[in-house]
Amino acid sequence: GGRRADRRPRQQAAPRAPAPPPPITRTITLAEGMTVKDLAEKIEVKAKEVLKKLMEKRMVLTINTTLDTETATMIAREFGADVKMRTFEEEMVVLESEVIDPGDLVPRAPVVTVLGHVDHGKTTLLDAIRETRVAEQEAGGITQHIGAYAAEIDGRRIVFLDTPGHEAFTMMRARGASVTDVVVLVVAADDGVMPQTQEAIDHARVADVPILVAINKIDKSDANPERVKQELAERELTPEDWGGQTVMVPVSAKKRDNLDTLLEMILLVTELGEHKANPKRMATGAVLEAKVDRGRGPVATILVQDGTLHVGDNFIVGTHVGRVRALIDDRGQPLKEAEPSSPVEVLGLTGLPQPGDALQVVADAAKARQIALLRQNQAKEKALVSRGTRVTLESLQQQLAEGEAKELPIIIKADVQGSAEVLAESLAKLGDERVKIRIIHTGVGAISEWDVLLASTSNAIIIGFNVRPDRNAAGVAEREGVDIRKHSVIYNVTDELKKAMTGLLEPTTRERQLGLAEVREVFKVPKIGLAAGCIVTDGSITRAGDAQARLVRDGVIVHEGRIGSLRRFKDDVNEVKTGIECGITFERFSDIKTGDVIEAFTVEKVATV
């Protein structure tokens, strides 16, 4: 009995004096997604020791369980080691650099990002360089989708990234600048330095990228390039001919003057930088844009930054894995492989990555899947949605007038990921002390019934950018009283919200839907172009009065305008009702495909409550 009595006091004393953790004597580097076994090897102890420590923390794991950063750091500290984390992509680069030969490095094409203020002629300049037309399809003169194009001069390639130029696109622009070697800042000679010009300068400086200035529109009568130089010099961009470091080239994109000089200067500036890559290694790249395409699934525009990307490669990008099914270049041609500095569309993703995500080709597809799963779980933990009571922009205005502080939850749906992100970013900034704007969901594609139900439970308004609600969603929205705002220019979205918040919301224009027609076949009509053979599925299609029409493909608006002709057999008619077949053409537009939906509507003014 004596030995037992001896032992009891010792047991009670133990909790009061836990063994202090050993002092931190070293730092180890761990890669994202490491297992218990990997951690044990790094801290040079047996795996069962690590499992024992985890057991003490009430965590029952096996040696093949993936650890998150916090757990790994906590356990390593128990063994006297501090932890420095590397992402999976960084780890791959380090492992590869140990086995590749520095002699394999070859020069790569420079990547140029074109930045500048809205309407200063960035797209026209790129067009003049590419000798194609992009500018004419844009709503409000904004390049809504990041385009990447390769141009050749004297047998040497230059890759251009066209980043959208509205200040709402700051985020996309910041992303464009992180993959770029040189920024071409476009400033209009008749307009000078504007807010976005300053923004672009700041971004280029943060990214530590050389800036080359193209002074555009010098053909205009009120052009004053000297004033532009003066304004830029005040912002520490001193022109070379004034003894500074900044190359400035006066150009006219419209007249195509001096473009060769600009391209030569780009090559000159990038030659000093010595841009090299190793085509023999596994490819790494960055996502510029991502969208869901009917028939092709998720498609990402990737800039390959190092290594060569082949059809059939397994890769990880953000929280998704994939296998390259096809590569398509900037001219729409299929490729077998893409070398460094190639902008390509990649097919074969399992989901939509975020623009700016890194793409890394992997040899071990199972390991990539494990990392992707870990990242998805971490993302899920971050995304939580709350609930509330019905709100519209008009009711928000009323509540504010009554002095109630409010928050406005918003759901954003856009035609491409980049626009959705940028809208989220710019709307979130609009909040003030009276109204807090909370983005609860952003997505790509048509506004679905699910979006409306989410808006209904979380009391949000839905903003559709270049997309429409599908028929079920429109019905549910009406029934649930959910406010859906549809726009095609980003500035209008932010403007409308600002007005609602300051109590200046004007009488809204509400759309009244007249009818829907489904395109069954498309045929050529002499002198007119393509006509759509349709059947009216809802309401009636009319071309009378102020009726307008839009062409919708997969929930995304392709064109908005007026109906050119409406025919039953050979006769022109003013109206066609449900269930009847007819032929429809649009004024000055003919890109119609089978399966499209034509929507007729009128716009009416509604006084606010």
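Accessible area of region 457-567 with a 1.4 Å probe: how many percent of it is carbon plus sulfur?
Roughly 47 percent of what the probe reaches on region 457-567 is carbon or sulfur.
Taking the Cα atoms of region 509-570, what is the range of coordinates along each of the three principal axes, in descending order and whole Å?
Result, largest extent first: 38, 28, 21 Å.
Can you give me the % of accessible surface on region 211-325 that is carbon or sulfur? Probe 1.4 Å, all protein chains present, nothing else counted.
Carbon and sulfur atoms account for 47 percent of the accessible area of region 211-325.
Using the Karplus curve 6.51 cos²θ - 1.76 cosθ + 1.60 with θ = phi - 60°, work out ³J(HN,Hα) for each residue of region 588-601 in order, rounded to whole Hz, and write x for Gly and Pro.
6, 7, 9, 7, 10, 10, 4, x, 5, 10, 9, 10, 9, 8
To the nearest 10 Å², what's LYS122's accessible area with a 1.4 Å probe?
Rounded to the nearest 10, that gives 20 Å².
At 0.36 nm per residue, and after removing the present C-alpha to C-alpha distance, how many nm does the segment from ASP591 to GLU271 gain when stretched out fully?
Length gained between ASP591 and GLU271: 110.9 nm.
Which of the peptides 452-460, 366-374, 220-228 is most tightly packed, and how do the rest follow, going by the mean number of other Cβ atoms within 10 Å of each residue?
452-460, 366-374, 220-228
In what sequence, highest mean first, do 44-55, 283-294 appear when ranked by Cβ atoms within 10 angstrom?
Working: 44-55: 15.2, 283-294: 21.8.
The peptides rank, most packed first, as 283-294, 44-55.
Under a no-solvent Debye model with one identical scatterer per Cα of region 218-309, what's log10 I(q)/I(0) at q = 0.11, 0.14 Å⁻¹?
Rounded to two decimals, the profile gives -0.62, -0.83.
Using a 1.4 angstrom probe, figure out how much accessible area region 207-291 has per residue, in square angstrom, rounded to the nearest whole.
Result: 51 Å² of accessible area for each residue.
By the scheme Lys and Arg +1, Asp and Glu -1, what is the net charge of all other residues having a beta-carbon under 9 Å from that of ARG468?
Values: positive: LYS486, ARG550; negative: ASP470, GLU599.
Result for the neighbourhood of ARG468: 0.
State the Cα centre-to-centre distance between region 314-335 and region 538-557 in whole Å.
Cα centroid of region 314-335 versus Cα centroid of region 538-557: 35 Å apart.
So, by mean Cβ neighbours within 10 angstrom, what's the order for 252-258, 566-572, 242-248 with the highest one leading?
Highest-to-lowest ranking by the protection proxy: 252-258, 242-248, 566-572.
The values are calculated or read from the model by the stated rules, or taken from the named source; none is laboratory data. Owing to the predicted nature of the structure, the values given are computational and were not obtained by experimental measurement. Note: ideal-geometry Cβ built from the backbone for every residue, glycine included; neighbour counts use all protein chains shown. The accessibility values were calculated without ligands, DNA or RNA, using every heavy atom of the protein model including side chains. Shrake-Rupley method; radii C 1.70, N 1.55, O 1.52, S 1.80 Å.
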